[in-house]
Every structure is written in C-alpha cells, then in structure tokens.
Amino acid sequence: MCGDATNWDEHGYKDSILKDRDFQTRTVFRTAWAPSLNPNPDTLLVASSDGSIASYSISSCISNLNTHSGLFNTSNDRLLAQAQPSCFIQGHDGPTYDLKFYGDGEDALLLSCGDDGRIRGWRWKELTGSNCSVSSHGNDMKPILDLVNPQHRGPWGALSPIPENNAIAVNTQEGSIFAASGDSCAYCWDLETGKVKMVFKGHSDYLHCIVARNSSNQIITGSEDGTARIWDCKSGKSVQVIDPGKDFKLEGSVSWVGCVALDASESWLACSSGRNISLWNLPASECISRISTQATVQDMLFENNQILAVGADPLLNRFDMNGVILSQIQCAPPSAFSISLYPTGVVAVGGYGCCVDVISQFGSHMCTFHCQCV
Amino acid sequence: MEVLKRAIMQQSGPPETFALQMVQEVINPPPKQTKLAQDENQFLENVLRLLLQEFVSASGEKIMQFGQSIDESESETTQGHIPRLLDITLYLCEKEHIEGGMIFQLLEDLTEMSTMENCKDVFGYIESKQDILGKRELFARGKLVMLRTCNQLLRRLSKANDVVFCGRILMFLARFFPLSERSALNIKGVFNTTNVTKYEKEPLEGICIDFNFYQTFWGLQEYFSSPTSVNHAPAKWKKFASSLSVVLNTFEAQPLSDEEGDANNLEEEAVNFSIKYLTSSKLMGLELKDPSFRRHVLVQCLILFDYLKAPGKNDTDLPSEIIKEEITLCEERVKKLLQLTPPKGREFLGKIEHILEREKNWVWWKRDGCLPYERQPIEKKTVQGDKKRRPRWRLGNKELSQLWKWADQNPNALTDPHRVQTPSIMEYWKPLAEDMDPSAGIEAEYHHKNKRVYCWKGLRLAARQDLEGFSKFTDLGIEGVVPLELLPPDVRSKYQAKPNDRGKRSKKEETKASAHQVEENQIATPANEIDGEDVKTDTTATPMEFDAATVIGTQGGPTPDELQKQSSDTDIGPEAGQLEADAEVEAGIIDGETDADVD
C-alpha cells in the first residue's frame, strides 16, 4: 500500500501543516491568576496570540498530567501534555496582548486588550458560571464592555488605522482604565461612560507597557523610544522622563523599555531596557542599581524585596534589590513573555510555543502544559 | 558471705592488701594454692552474685554511691560498696586467683538489676576499667558476656533520646573488640526497611504547596531506606532517577548564599539535631532554604550511589552500563551541589568523599569474607626504611657536599698514582707544538692555537711554572710560550729569542716539574690564610684543584663568594698578590670555561 496516492488529500495535508506551524508559533502573551481566597491557586487565565482567552484549572491540570505521564514533566521535555481549558472565549481579532482584573471578588471584571485596538470586559462570575467550551468557539459570550481606540484624522479626512493596545492598567478608585497604545499615546478611559477621559501624548514611538501608580494618581509608561515617562493623571502632563538606557546608549546599543514594574509600596520602579533592568527609587527619583541579564527582559514583577524577571531565554531569574542573582529556574517556554504571581508565591510563566509553566514557591514545577488551540 | 560483706564494708586501702586473704577465709577448707579449683570458683561466684544482689536491693536510687561515706572529709577517698566489690573481684580476676569471667558476670548482673540512670554510672565504671578488662586473658573469658551486656543495654535505650549514651556504648565496643571483630556485622547486608520516613499522603487544607514535589521529594527516602529495589529493577531506577532529577533541578535553580550558610552555625545545628527528618509539608519551604538539610539529602544520595556501584557477591548484581553512566552523571551533579552549598562546601565535600572512600574499603573487606587484618608491628628496620627522608645536604646541594666529603672518603687520594694532576708544561704544549709543524698541515680551524680554552689554560700553567716562556707571550703570541724543545728545528729558530738562555731554562723546567706537587700543597695553606678563608677548604679541594673551577662552574651561577673560594683553591701559585686579579679574570671567563672537560 505504500506509495499509493489515490486517496491523497492535498488540502488536508496543507491544513495540517499550517495548523502545525500555527500551533508551534502560537505565543502566550499574558497569564493572569483569577482572584481567589484559596491559598492554593485554582484558576489561571491565558491570553494568547490567536486572540483567545482561556482559563485553566490548576488542580485538574496537575492531576491530569500526573495520570498522563506518571510524573510531571521536566522543563526540557518537549512533549508537553495539552491541557483542557475550563473556559474559553475568543477575545479579539488578532492577538490578545493583556489581561487585567478590575476589582475583585464577586463582581470582578475581566478586561482584555489586543491587536484590534479594543478593550473588552467580561463579568468574571458569568464566565465561570457559564459553560463555554472550545467547541463553541466562545462566540456566545458577549462582552459587557467594548472600547475602541480612536483613529487619527489626517488631511483630507483620511483616517489612520486603529492603533493596537499593548497593555492596560486600572485604577478602581477613579474608575479608570489606562491603555498603552500603538500610536505612542496612552489613553485613560472612564469605565462608566466608556469615554476617553485623558490622552497622554509625549512619547515618540509606540508604547509597550503601562502601570498605574494609584497612590499618587500617576501612571508610568514604557515606550519603544527608549524612555519611560511618569504622567500625572489629573493634568495629563508628563511629570518625569526616565531614560534608563542613557548609559547604555553611549555604548551604541539600541534599547527600548519593554516592561516596567512597581513594587507593593509603589516607591520602587523596575524598568527594563533591552537586556538591562534599572531600579529606580521614585520618591528620590534616582537610579539605585542596574542589573544586566543574559537575554532581553520581556516581563518582570516584584515579590517582596525581590525582582522576578523573564525574557528571551527559558529562565526565570530572581534578583535581589542590589541586582544579585538569587536563583535561576529553567522554565518551559523558550522565550517567556509573561510572568504573574499568585499571592502565596506561585508563579506562572507563559511564552512562545503556547507553553505555560507553573512554578511553586519551592522552585519546583507544579505543572507545565500546552494551551489548547482552536 | 558475711565475711566478704564485712571485708568490703570495713576494710579500706587498696584491694591488693587483703583480697587474697579474704578469699582464703571464705573458702572452707582454705585452698592450698592461690588459684581456686572449679567448684570453689563456682561457690565464690554464687556468693559474690548474692552479695551484689543484696547491695543493689539495699541501696536507694543511686546504687553506685550506696555505702559511700557521707562524711565530707573522707568522701574523696571512699567508694560505694558496689564499686568496692567490683574492684576486689577485678583484682582477683586480673591476678588469676579466681576465674576471669567472674567480673563480667557481675557486671552483667549489675546492669540487669539497675535502672537506666544507674546504668550510666555502671558503664562509667566499665569505661574506667577498660584497660584492665581488655587485657588478653580477661578479654578472652568475657568478651561474649560483655557483648551481650552492651547489646542488652543498647536494646533498652531509646534510639532517639539516648543518642549520647548509645554512642558511648558503641565507642566502647569499638575499642574493646578488635577492629575486624565481625560479630556485629550485618553479614547478609540486610537493610533496615522498618525505618520508614512518613509523610503526608493528602495535601493539607489551607496552605499553598506544590504537593507533587512534596511527594516526590519524600518519596526518595523510600529508595534510600531500601536500595536493593533500585538495583534490580530498571523501571524502579528510572523512576528514582527522574524523581531525583526533579529534586536536583530544584536545588540547582536555587543556590544558597553564604548568608544563609552562616545563619546556622554548628552549635545551633547540634541543638536541632534529630535523627529523623521533619516531614511536615508546612516546613518544606523552610527546609529547602536550609543548607544543612540540603546536605543531609545530598549525602544520602552519595551513599546510595556508592552502594549501587559497589560490587555484589557475584558479578550479576552489578548494574548495567547505561545505569552506571546515569549514576555517574547524577553523582557529579550531587557533588557539584554539595560544593556550592555553604558554609565551606568544598571542604565538606572533601571530607564526605574521604569517608565514603573508607567505607568502600570496608565493603571490600566484607566481600572478601571479613578476614582479620590486624598486622603485627613491622620490624624496626623497615620502619626506618619507610622513614627515608629527602637527604639534607650540608653544603646546599649534592655536588658541593660530595666535594666536601671527598677527602674523608678517599684518604689516600693524594698518593694515588692515577689521580688527576696538573700536567707538566712539556706535556701540555705537545699538541700545539705538533700543530705548529708546517709539515703536519693542520687547518686553522683545528689548530690548537685557536682553541681559546686550551690557550688560556696553557697560559695559566706557564705563568705558574714557566715564567720565562710566559714572558714571551707579549712578543710572540701564544706560540711563543711553547717550549722550544718541543718544536721542530725549522720552526724553533723563529721563536728563539736568546739562544744562550735555553740551557738554564730547560734545567729549571725539569726541577720544577718534579717538585711541582709538593710545592703546591705547601703553598696552598699560606695562600688561603692570607685570603682569610677557612683553612678547611683546601684540604678537600686540593685533589681536584685544577678542575675545581670548572666543576663548580657547571653548577650554574656561582656566587661571588664561591668564586672567591674557587680562586683561593685553584690559584695556588706563589704570587699571592695576584690572587685578586686572577679571581677577576676567572669571574669574567668562567662561563666560557664550562664547556671544558669535567671529570
């Protein structure tokens, strides 16, 4: 029977190759832990490059993986098990870039933004209650909030394309959503009215990231132009321009601010610049220390007095405030785009290849899985 | 019995004074010899045991102190009744008046009758009499009883709480029995599988923990407690290896800093020491940050690897090549981790490796059938041979010292007809004279006048023995120095300055050549004295005087002092005033001289 091509299904073969390629290059851009009072993390939300938002139950992942392979996988194992999402919605056309929870508890809103320039919101309670599975393609869930970035008006009435949203931040006291946008502006949306309250203009290139410093009603944005800016939300003016790459630029390297992170007291700012992280004390507006890493830093956050950072290599780095490496944990994604921390210390790392690695506070891998594709 | 009791309670002073007499009183009729017959021995033993029992039952809580005088002034010298009884018995046993096993019997009785608290005192007594008990005659009689006593004690002790006392007993046994004593050996190599490390099988509510990791981690202990299973089933090994790699990955990802290593010093560790792991899942996070905890686990791994790699009774027990390779890889990882674990990881690993290496020797010993390996002390000669050290040279190095000793070893060197001597002028110049004969047709390259060393030596000879010839050097060059007698007639005329002087000169030559040696030795001493050098130097150096300079020259880089010495040794010509100048010449030329022949 070998070599018999009578039943050759060319389209099927094409599809399978495309699907395979698509699957391999799919990327998790953001992971987020659902708010919960349980000390053990139960639900992880994953936003990926196919525009989907899926939630996974960690406990079922662990038990499935255990029965699946007998032992949970080590980081070098390429044959990762696929996990079944407990909830699945098609969030955006094009990749979904960011996920945030607005508020917590019963009436928490799940906000997402993506390449289509929209910010969408769902009621988390409804999502968990409903039975939306992969098969239904998540289309039955309508967002309760849908905001579209404004287009720029050019000469003769020409309209620019809708700029994408790369990151969002929230201020629940003011009822605001901040979006870092592709037109080098940051927008402040009013959640109630669905209108743009404020536009923050000043960066010379598109924005990568945004964090809200709610204690002093400020936001901090990081941009492709290599600077981070601190904005006052009341006036919409840039309070301070931080140029973390100033010293590195002299050496001729190009840098951009890919991610910024604030610590819990909102007085320390970590600011990535290519392969470097600079640590700023905001009250003193001084750079305290600089950390050089092996690969481009793509996401980071503070845990107590330590900085967790991931980047273009499969490592989860933990630094202290002086920039000394405390630990380096191998993780599944070859390039990690997102890191999120559960209050009890469990960390989820998501990235290229649609891999998610959940790492316990011991540094051991609780579960590692591939996200399901549509 | 009453007699004995009275003796013990009332007599004071060392047992030697009254013990024998006491025995003779007890035995009825009194024995004739100092050694007792068998039935008499038996009788005495019964009496002693009864007496001991009486003492113990009469005494209160502290049996070893019972009967001790309360009077403070005497308390230093007096003993309790029981130690007294034991002392007397021990004395009798040691002198072989009574059967040697009796003391051991009494000690066993005593430990069996005492509480654990008192046993410590009794054991202290045993330890203090260790030397006497360990004597060959007594040891042969009582070793089994002693072993039984100790094992009974160990069985009664709690392994968790009486660690120190257990250790004392084990130490005593180790010292009491020869090293190769195999009675305590686990000959079959059975593992204590009852030593199970329990851990939680269900995750606790309300705390956050990676339960899989927790189970994997503590699951390893099962393999450690029963390693045979890993050895025989490849599947089990696989499972073990993957669990281990998960744990090692976790360790490797989180190196411990020196601060964490410093945080718990050894004293604290001793306080917290426990022979079992604390396996509560709540402690897991803390334990992973604890360097000593990490060390315990890693050392367990090393022990297991050593077991797996050790040869079994037959070769089929050996693990396969693939598993062996994996073991080696894991072992390297573990060792590296140990090295990185503060404090002093490198030193710690070194010690552990040393201990494991020793352990391997024991494994081999056991495999070879536990042969006794104590050796008789080796005879002294070989001991000295072993002690052979690198010799120390009195004068700095071998050659100098040999030179120094040369004279002592060769007392007749001066009269030896074959000794190397300063050649006479006539002999020395012969080769050059032959070359000067044009009929020989020597090429310039091989001509002796072009050999700088030869010429220089010749000039020095001439300066000493043939001043007249030497003086011609200024006018006629090196060839003029050659004695005319050696030259062929046609060449001779060329160098003949004053023909009438010739006769005188040749006569002088002859006398000098014969008296040469004597003259030299006589002059040597004053020359040295003038120079302020040690007189000793010349007595040894003279036999070699001509070549001394070259010999020393080969040592490379003589110091100015040495040069000075050389000059005094070698330049023994009559012109003491020239010594300085000579020395300078020598110093300048000495490197060029080294290629000259060295005897």
Criterion violated by A:Gln330 - all others in (1) over 18 Å from A:Phe302 (Cβ atoms); (2) within 17 Å of the chain's Cα centre (by Cα); (3) open to solvent by 10 Å² or more (accessible area, probe 1.4 Å) satisfied: (2)
The one condition in (1) within 14 Å of chain B (Cβ to nearest Cβ); (2) open to solvent by 30 Å² or more (accessible area, probe 1.4 Å); (3) touching a residue at least 24 places away in the same chain (Cβ under 8 Å); (4) in a strand (DSSP E or B) that A:Asn322 fails to fulfil: (4)
Output for segment A:307-319, where each listed residue is away from every other protein chain (no Cβ under 12 Å) and closer than 17 Å to A:Ser360 by Cβ: A:Leu308, A:Val310
Candidate set: segment B:291-327, residues that are open to solvent by 50 Å² or more (accessible area, probe 1.4 Å) and farther than 27 Å from B:Val190 by Cβ; chosen: the one modelled with the highest pLDDT: B:Glu325
Matching entry among B:Leu110, B:Leu170 (being under 26 Å from B:Phe55 (Cα atoms) and among the aliphatic types (A, V, I, L, M)): B:Leu110
Evaluation of B:Val230 against (1) away from every other protein chain (no Cβ under 13 Å); (2) surrounded by fewer than 19 Cβ atoms within 10 Å (Cβ to Cβ); (3) within 40 Å of the chain's Cα centre (by Cα) (one fails), failing number: (2)
Criterion: surrounded by 16 or more Cβ atoms within 10 Å (Cβ to Cβ), among the charged types (D, E, K, R) and either modelled with pLDDT of 80 or more or outside any loop (DSSP other than H, G, I, E, B) (or both) - qualifying residue of B:Lys504, B:Lys494, B:Lys449: B:Lys449
Yes/no for B:Lys282 being more than 11 Å from chain A (Cβ to nearest Cβ), at pLDDT below 90 and not in a helix (DSSP H, G or I): no
Odd one out for A:Ser340 among (1) open to solvent by less than 20 Å² (accessible area, probe 1.4 Å); (2) within 21 Å of B:Pro255 (Cα to Cα): (2)
Number of the condition not met by A:Ala284 [criteria: (1) over 28 Å from A:Phe101 (Cα atoms); (2) touching a residue at least 24 places away in the same chain (Cβ under 8 Å)]: (2)
Selection count where residues are crowded, with 20+ Cβ neighbours inside 10 Å and part of a loop (DSSP other than H, G, I, E, B), scope segment A:292-311: 1
Residue in segment A:154-163 that is modelled with pLDDT of 85 or more and either closer than 19 Å to A:Gln372 by Cβ or surrounded by 15 or more Cβ atoms within 10 Å (Cβ to Cβ) (or both) present: yes
Count - residues of segment B:233-257 that are away from chain A (no Cβ under 11 Å) and at pLDDT below 85: 2
Residue tally, condition closer than 30 Å to B:Ala462 by Cα and of a type in the set (Phe, Trp, Tyr), over segment B:393-423: 2
Members of segment A:332-374 that are of a type in the set (A, V, I, L, M, F, W, C), within 14 Å of chain B (Cβ to nearest Cβ) and farther than 22 Å from A:Phe101 by Cα: A:Ala332, A:Phe362, A:Met366, A:Cys367, A:Phe369
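The values are calculated or read from the model by the stated rules, or taken from the named source; none is laboratory data. Remember, it's a predicted structure, so these values are computed and weren't measured experimentally. A quick note on method: Cβ atoms are made from the backbone with ideal geometry, for glycine too, and the neighbour counts reach across all protein chains shown. Each accessible area value is taken on the protein alone, full model and side chains, heavy atoms only, with ligands, DNA and RNA left out. Shrake-Rupley method; radii C 1.70, N 1.55, O 1.52, S 1.80 Å.
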